[in-house]
C-alpha cells in the first residue's frame, strides 16, 4: 500500500535505461533511471495491472479469416515494446494465427534491427511499437523511421496504455499510420491487415507499371 509521496521528479525517456536482463521475466520493472545520484526503478504498470485485472481471453486471441491470414504471412513484421507483458500479449496474438514476426524490447534496438534488415534488402513491412519506452520513445522511433529512406516505407502502428486523444494526434504528426489506445488482439491484427493491404496494393501498381 502507498502511504504517501515523498517526491515527484520529471522523467525523460532518454535518461531511462532498460532493466538488466539478469532480472529474468518475472521482474515488475520496465526501466531504471538516476535521480539525485540514486537509482530509481520504474514499475511495469501494465504487468502489475494484469495481475489485478486479468485481460479477457477474447481480447488476447484475434479473429481472422483464412484469406486475410495469407495476406499477413509474407509481411516482415516487427513488434516493439519495453513491457514484458505487452511483448507476451503481442507474441501470443500472432502465434495464435501462425503469423511470423520479430520482437524488440526498446526503440534503439528496433531501429538497429530495421537498419540491418534494410541493408539485407528485406526491410520491415509493418512495425507495431509502444509509445512509452526508455531510450527513444515511440514518437522518436516513428520520426527516425520516416526520416530514413530505406526504412520509411514501413506501415507504422503506435500503441499506448494511456488512452489519450493527444497521444493519437501526436502519433499521426510524427508519421504513424495508426494509433491504438488499448490492447485488443483483433483490433491490432486488423490494423496490421490494413498495412498489408496497402503494401500489396503498392506492389500490384508497381507490377502493372513494369508490364506497361
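The values are calculated or read from the model by the stated rules, or taken from the named source; none is laboratory data. This structure is a prediction, so every number in the text was calculated from the model and none was measured. Positions of Cβ are generated from backbone atoms using ideal geometry, with glycine treated the same way; all protein chains shown enter the neighbour counts.
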Q | Matching helices (runs of 4 or more DSSP H) fully within the stretch 54-134 where at least 2 residues are within 18 Å of the chain's Cα centre (by Cα) | A | 57-60, 84-95, 107-119
Q: Looking only at the stretch 35-49, decide whether some residue is over 17 Å from the mean Cα position of the chain (by Cα), at pLDDT 95 or above and over 20 Å from residue 141 (Cα atoms).
A: no
**Q.** Residue in the stretch 162-179 that is touching a strand residue (DSSP E or B) at 6+ places or on another chain (Cβ under 6 Å), assigned by TED's automatic domain parsing to the domain that holds residue 100 and part of a strand (DSSP E or B) present
**A.** yes
